[in-house]
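The values are calculated or read from the model by the stated rules, or taken from the named source; none is laboratory data. Quantities reported herein were computed from a predicted structural model and do not represent experimental measurements. Here the Cβ is made from the backbone with ideal geometry for all residues, glycine too, and neighbour counts use every protein chain on show. For the accessible areas, the whole protein counts, side chains as well, though only heavy atoms, and no ligand, DNA or RNA atoms are used. Shrake-Rupley method; radii C 1.70, N 1.55, O 1.52, S 1.80 Å.
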Amino acid sequence: MAIRRSNLRRLSAVNERQVNTMRNFDEETITEAVLERVGQARDPRMKQISEALVRHLHGFIREVRPSQAEWEQGIRFLTGTGHMCDDKRQEFILLSDVLGVSMLVDAINHGAAAGATESTVLGPFYVEAAPEKALGANISDGIDGEPLIVTGSVSSLDGKAIAGATIDVWHSDGDGYYDVQQLEETGGLTMRARFRSDANGKFYFWTIRPAAYPIPHDGPVGKMLDAQGRHPWRPAHVHFMISASGYQQLVTHIFADGDQYLDSDVVFGVKDSLIRMFAARPAGVAPDGRILDAPFHHLNYDFGLTPA
Ligand code: BEZ
Ligand code: FE
């Protein structure tokens, strides 16, 4: 919202009075001066956030003592991060993810009550308009891969089945690519769908086993990971977003037990409670009664939702 000219003049008069009494700042006095200025914010939350930002930013600079060239490099990094963002790529969220900030915000906002499934990062590959499919559908649309049946249930903290819950799922293929990263090859959305839990809170669907994959690392965040001596990999997982009226929305994923990246997930998203076997099964009768003539995998997870 634009600030009216009269208000702007009043603000600058206040600032001028301060400049007359506050100038010649040096390393010792600059932080207090900025804190006093931003402390004039009318909104108490804005004041709190602005003051903390200044305190921590100045503390960081005091600790690091950057050369002028390093400071310029930092500005170039942030500028490059912004330039990498568009409606398909959000490099700032990726930066937040790999610095553990997304998981910290998640931890602050989603304490797990007993019986509630833990949450983890959303990630950049969620698509709102995933096709709604009937329970039992195969969502891999003919993409090559090892067959995987996913079964599970949705219930409240006291174990009561939640019927009609919306279950959004999405995952990578056996080479670690999402549909949206290869739309020309896949010809559209695949390995993602929206289901509704049945009257007993149960759901099941067929797909292909996902693989571990590197997060997009062809931009500033990838360069930073490299400079920090870090790999860009995430362990294999299936994403879930589960909503039901009267309950908090759950954003999480289930990780494949045994994956080599469980202890070094680049975005710090792994929790023990979210790891399950993607169990290998021989050809024969599958959990949904279908008879398979080839081996398959089975993942089961029973989700618990927290009341709103
Ligand atoms: C994902 O799991 O899809 C993801 C999460 C964070 C950053 C990149 C990818
Ligand atoms: Fe993912």
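Summary table
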item	result
Residue in the stretch 257-265 that is under 30 Å from residue 158 (Cβ atoms) and open to solvent by 10 Å² or more (accessible area, probe 1.4 Å) present	yes
Matching residues, the stretch 244-255, being buried (at least 16 other Cβ atoms within 10 Å of the Cβ) and under 26 Å from residue 95 (Cβ atoms)	250, 251, 252, 253, 254, 255
Residues being in a strand (DSSP E or B), open to solvent by 50 Å² or more (accessible area, probe 1.4 Å) and within 23 Å of residue 292 (Cα to Cα) - total across the stretch 146-177	0
Hits in the stretch 274-308 - residues which are touching a residue at least 24 places away in the same chain (Cβ under 8 Å), open to solvent by less than 40 Å² (accessible area, probe 1.4 Å) and of a type outside the set (A, V, I, L, M)	278, 296, 297, 298, 301, 303, 304, 306
Options 51, 32, 36, 63: the member that is open to solvent by less than 70 Å² (accessible area, probe 1.4 Å), farther than 22 Å from residue 221 by Cα, in a helix (DSSP H, G or I) and acidic (Asp, Glu)	51
Hits in the stretch 106-136 (condition: farther than 30 Å from residue 190 by Cβ and either within 16 Å of ligand 1 (Cβ to nearest atom) or open to solvent by less than 50 Å² (accessible area, probe 1.4 Å) (or both))	107, 113, 116
Within the stretch 195-308, strands (runs of 3 or more DSSP E) holding 1 or more residues that are closer than 25 Å to residue 127 by Cα	202-208, 237-243, 250-256, 296-305
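Here is a yes/no grid of residues against (1) farther than 21 Å from residue 117 by Cα; (2) modelled with pLDDT of 95 or more; (3) within 18 Å of the chain's Cα centre (by Cα); (4) aromatic (Phe, Trp, Tyr):
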residue: 181; (1), (2), (3), (4): yes, no, yes, no
residue: 198; (1), (2), (3), (4): no, yes, no, no
residue: 212; (1), (2), (3), (4): yes, yes, yes, no
residue: 222; (1), (2), (3), (4): yes, yes, yes, no
residue: 228; (1), (2), (3), (4): yes, yes, no, no
residue: 245; (1), (2), (3), (4): no, yes, no, no
residue: 253; (1), (2), (3), (4): no, yes, yes, no
residue: 272; (1), (2), (3), (4): no, yes, yes, no
residue: 277; (1), (2), (3), (4): no, yes, no, no
